[in-house]
Amino acid sequence: MRVELKVFASLAKYAAHPLLSADGVVELPSPVSVGQIADALNIPRKEIKLIFLNGIHAQIDTAVKDGDRVGFFPPIGGG
Amino acid sequence: MSRILRINTREKRYSFESPSPELQALGGRALTSKMILNEVPATCHPLSQFNKLIFAPGLLSGTPAANSGRLSIGAKSPLTGGIKESNTGGLVSQKLARLGIKALVLEDKPIDDAYSIIVIKKDSVEILPADDYLGTTNGDMIAKLWERFGKRVGVASIGPAGEQRLTGASIQFADPKGHPGRAAGRGGLGAVMGSKKIKAIVVDDGGADKLTLHDPDAFKAANQKWADLLRNHPVSGQGLPAYGTAVLVNVINEAGALPTQNFRSGRFEFAGDISGETLAANIEQRGGIVSEGCHPGCVIRCSQVYHDKDNNYLTSGFEYETIWAFGAHCMIKDLDDIARMDRLCDDVGVDTIETGVTIGVAMEGGLIPWGDSKAAIELLKKVGTGDPMGKIIGNGAAFTGQALGVDRVPVVKKQALPAYDPRAVKAVGVTYATTPMGADHTAGYGVCQNILNVGGTIDPLKKEHNVEISKDLQIATAAIDAAGLCLFVAFPVLDHAEGLQLIVDMLNAQYGLSLGASDVVQLGISILKDEHEFNRLAGFTAKDDRLPDMFKEVFPPHNTTWDFTDDELMKAKTF
Ligand code: SF4
């Protein structure tokens with residue numbers, strides 16, 4: 001299945017992984033969880049603070065389906 | 001003991017007085033709001049001789065406490081018609097505090113058109129003619145005043161917009177490098193300064209002694225822990241210094257809450273182009289400064305210096321709210337053009353949030369096309385020239401919307417909404433509606449719990465708990481503003497219980513008090529009560545706490561609407 005994945009701020013360095021296409025798509029066998037996507041791309045789970053699944057907060061064990069949009073962020077803030 | 005300096009701008013006279021017992025324990029926003037309530041008739045015209053403009057350093061300002069150099073400026077707002085506290089960095093706060101000045105109060109107004117500058121030094125206060133400076137931009141004004149009075153003096157000045165008393169006018173402050181990148185932007189306080197014909201205030205603390213602390217050892221110990229807390233929290237210690245506040249562009253976009261094309265949707269196709277990551281990469285590549293403080297003693301350093309492609313200085317203090325207002329809100333994706341507009345605003349002296357939102361309203365009204373950054377720059381250049389269209393834009397979103405026959409005007413109490421859609425970040429929506437300031441994200445930054453998972457997690461799309469969280473944050477923020485601390489200390493303080501105690505410890509060590517954490521909460525509540533009381537006397541009612549009708553529209557991608565009733569909102573104001 002295809003998942004749109006975006007990695008931001010200090011996690012952007014992990015986007016260079018061969019599994020992740022230039023336009024931010026990763027193909028993985030289903031079923032898969034958010035955490036398993038991170039593992040597949042060698043993104044350390046402890047560096048991920050915020051997970052968005054289709055724009056909604058998700059947990060590391062939340063299941064992901066084909067066509068979903070996932071975003072990973074480290075701890076950030078501003079205002 | 002520190003004193004209150006009053007300047008009568010009509011008679012060009014000044015006097016020092018000891019604060020009354022009621023004012024003695026107050027600082028920053030607590031002091032400005034109390035004095036405005038006590039001394040300014042709530043029904044007065046904000047540009048009349050009855051209004052006062054009050055500059056008050058926070059309680060910890062002038063001490064070595066990390067991030068304590070913030071200044072509160074209070075008045076009746078010409079934009080909202082209600083009370084205003086606008087908060088800024090720069091050099092003035094710490095210098096006023098070291099000179100033993102608890103508040104500087106500008107009173108009355110001249111009957112002629114002659115402008116003055118005020119120069120405050122250790123042993124003198126001068127009110128000097130300023131007609132030679134008329135029409136000068138804030139950038140040039142700081143350069144001229146530094147040349148005349150010495151590098152690194154504190155400067156607060158107004159640009160042409162303030163001279164014209166436009167309701168979007170800001171007061172700009174020199175940052176440590178002499179750029180006009182810090183602003184008391186919100187609420188049109190530059191127009192109040194213009195009405196009193198004060199072009200600039202210079203504060204020089206040369207020769208002043210260090211502040212005496214009641215218990216220096218206890219202060220030092222608490223401050224060390226305080227600075228460590230700020231440095232070790234990942235948001236204040238890593239995220240903000242690396243990317244500035246613009247790090248929010250991507251996360252707010254990802255959350256579906258980045259207001260795009262005048263609050264039509266929560267995702268901007270070109271968010272990446274205007275993100276903090278792009279901003280930081282441009283600075284790395286071109287030169288400039290990725291991270292600097294807006295005042296000495298800031299250990300977070302979210303500010304930056306941004307250069308164009310040819311490595312020429314473009315702007316400083318280039319913030320998320322500004323980037324959003326001229327960016328996603330106007331469908332503009334050229335970060336350099338957005339930086340040019342930030343600089344134009346700082347120079348002419350208008351609030352970047354108000355003005356960026358106004359440009360979007362002008363696009364909504366068909367004056368210029370969506371996304372056309374060149375047309376936006378040309379329109380902005382008219383502000384402060386005396387051109388009638390420039391006057392309309394400089395008066396802000398509500399005024400411009402009316403001038404152009406627009407019905408989608410995103411304001412509360414006539415002040416433009418900032419960069420989080422209230423339908424997708426409901427805690428901040430409650431703040432926009434209920435803070436006495438008019439739409440203001442800083443007054444109760446519910447983005448923390450709604451989006452950033454700081455200080456807990458609360459669903460941003462539902463109503464549950466969002467009134468309570470906004471109320472609690474409004475109380476805490478008022479207290480932080482009274483202490484003179486930068487609001488970004490809230491990230492570690494919300495996550496770590498000892499943070500609040502350290503603030504209390506520093507206050508106690510400075511003043512010889514024995515406050516507890518609950519006293520700080522009470523201080524926050526009393527500030528809000530004063531402010532709500534002023535607005536009530538000025539004629540505000542529940543109808544002024546509503547968001548405009550446009551927020552009943554369904555907001556993609558989450559397809560939520562603004563659905564709070566008057567009664568629900570009232571709970572955020574009931575203490
Ligand atoms: S964190 Fe930013 S806004 Fe706060 S004091 Fe430092 S530079 Fe100023």
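The values are calculated or read from the model by the stated rules, or taken from the named source; none is laboratory data. As the structure is a prediction and not an experimental result, all values here were calculated from the model. Don't worry about glycine lacking a Cβ; one is built from the backbone with ideal geometry, like all the others, and counts go over all protein chains shown.
From the list B:GLU277, B:GLU254, B:GLU269, which residue is of a type in the set (Asp, Glu), farther than 29 Å from B:GLY297 by Cα and facing another protein chain (nearest Cβ under 9 Å)? Let's see the steps before the verdict.
On the way: B:GLU277 fails: farther than 29 Å from B:GLY297 by Cα; B:GLU269 fails: facing another protein chain (nearest Cβ under 9 Å).
Step by step, each of B:GLU277, B:GLU254, B:GLU269 is checked, and only B:GLU254 is of a type in the set (Asp, Glu), farther than 29 Å from B:GLY297 by Cα and facing another protein chain (nearest Cβ under 9 Å).
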Under the condition of being assigned to a helix (DSSP H, G or I) and in contact with a helix residue (DSSP H, G or I) (Cβ under 6 Å, 6 or more places away or on another chain), which residue from region B:210-222 is nearest to the other protein chains (Cβ to nearest Cβ)? B:ALA222
Taking the stated definitions as given, is B:VAL202 in contact (Cβ under 8 Å) with a residue 12 or more places away in the chain and more than 20 Å from B:ALA325 (Cβ to Cβ)? yes
Could you tell me whether B:ILE353 is touching a Lys or Arg at 6+ places or on another chain (Cβ under 8 Å), under 20 Å from B:TYR432 (Cβ atoms) and not acidic (Asp, Glu)? yes
Those residues of region B:118-138 which are surrounded by fewer than 22 Cβ atoms within 10 Å (Cβ to Cβ) and either under 23 Å from the mean Cα position of the chain (by Cα) or among the hydrophobic types (A, V, I, L, M, F, W, C) (or both) amount to B:VAL119, B:VAL125, B:ILE127, B:LEU128, B:ALA130, B:LEU134, B:THR137
Would you confirm whether any residue within region B:523-542 is without any contact (Cβ under 8 Å) to a residue 12 or more places away in the chain and either among the acidic types (Asp, Glu) or surrounded by 15 or more Cβ atoms within 10 Å (Cβ to Cβ) (or both)? no
Conditions (1) part of a strand (DSSP E or B); (2) within 14 Å of the ligand (Cβ to nearest atom); number of the one not met by B:SER61: (1)
Answer yes or no as to whether B:ILE475 is closer than 30 Å to B:LYS102 by Cβ, surrounded by fewer than 24 Cβ atoms within 10 Å (Cβ to Cβ), away from the ligand (no atom under 16 Å from the Cβ) and not charged (D, E, K, R). yes
Being within 18 Å of B:ALA339 (Cα to Cα) and touching a Leu at 6+ places or on another chain (Cβ under 6 Å) is the filter here; which residues of region B:360-393 pass it? B:LEU380
1 or more residues surrounded by fewer than 19 Cβ atoms within 10 Å (Cβ to Cβ) and more than 13 Å from the ligand (Cβ to nearest atom): qualifying strands (runs of 3 or more DSSP E) within region B:237-335: B:313-316
Are there strands (runs of 3 or more DSSP E) fully within chain A with at least 1 residues that are under 23 Å from B:LEU494 (Cα atoms)? List them. A:50-53, A:69-73
Count, please, the residues in region A:1-43 that happen to be more than 14 Å from chain B (Cβ to nearest Cβ) and free of Cβ contacts under 8 Å to residues at least 24 places away in the same chain. 9
Any idea which residue in region B:68-88 is farthest from the ligand (Cβ to nearest atom), counting only those that are assigned to a loop (DSSP other than H, G, I, E, B) and over 19 Å from B:ASP205 (Cα atoms)? B:GLY81
B:THR457: passes all of (1) surrounded by fewer than 24 Cβ atoms within 10 Å (Cβ to Cβ); (2) more than 16 Å from the ligand (Cβ to nearest atom); (3) not in a loop (DSSP other than H, G, I, E, B) but (3)
Odd one out for B:GLY360, checked against (1) crowded, with 24+ Cβ neighbours inside 10 Å; (2) more than 16 Å from the ligand (Cβ to nearest atom); (3) in a strand (DSSP E or B): (3)
Answer with yes or no whether B:ARG10 is of a type in the set (Lys, Arg) and surrounded by fewer than 22 Cβ atoms within 10 Å (Cβ to Cβ). yes
Which condition does B:SER291 not pass, out of (1) among the polar types (S, T, N, Q); (2) closer than 22 Å to A:LYS13 by Cβ; (3) over 22 Å from the mean Cα position of the chain (by Cα), if it passes all the others? (3)
Of all the residues that make up region B:543-569, how many are surrounded by 14 or more Cβ atoms within 10 Å (Cβ to Cβ) and more than 23 Å from B:ILE36 (Cα to Cα)? 14
For B:PRO422, state whether it is outside any helix (DSSP H, G or I) and buried (at least 24 other Cβ atoms within 10 Å of the Cβ). yes
Among (1) within 14 Å of chain A (Cβ to nearest Cβ); (2) within 30 Å of B:SER61 (Cα to Cα), B:ARG343 falls short only on (1)
If you take the residues of region B:219-236 that are within 15 Å of the ligand (Cβ to nearest atom) and among the aliphatic types (A, V, I, L, M), which of them is surrounded by the fewest Cβ atoms within 10 Å (Cβ to Cβ)? B:ALA227
Criterion first (touching an Asp or Glu at 6+ places or on another chain (Cβ under 8 Å) and more than 30 Å from B:LEU229 (Cβ to Cβ)) does B:ASN559 satisfy it? no
Condition broken by B:GLN501, with the remaining ones in (1) surrounded by fewer than 21 Cβ atoms within 10 Å (Cβ to Cβ); (2) within 16 Å of the ligand (Cβ to nearest atom) satisfied: (2)
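When region A:52-73 is examined, which residues are found to be crowded, with 22+ Cβ neighbours inside 10 Å and at the interface with chain B (Cβ under 10 Å from one of its Cβ atoms)?
Once the filter is applied, which keeps residues that are crowded, with 22+ Cβ neighbours inside 10 Å and at the interface with chain B (Cβ under 10 Å from one of its Cβ atoms), region A:52-73 yields A:PHE52, A:VAL70, A:GLY71, A:PHE72, A:PHE73.
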Starting from region B:306-327, keep only residues that are over 14 Å from B:LEU258 (Cβ atoms) and in contact (Cβ under 8 Å) with a residue 24 or more places away in the chain, then list their pairs with residues that are assigned to a loop (DSSP other than H, G, I, E, B) and away from the ligand (no atom under 14 Å from the Cβ) whose Cβ atoms are within a distance under 7 Å, requiring at least 6 positions of separation or different chains. B:HIS307/B:GLY287; B:ASN311/B:GLY287; B:LEU314/B:ASP308
State which residue is nearest to B:TYR115 (Cα to Cα) when the search covers only region B:197-247 and only residues that are of a type in the set (Asp, Glu) and at pLDDT 95 or above. B:ASP204
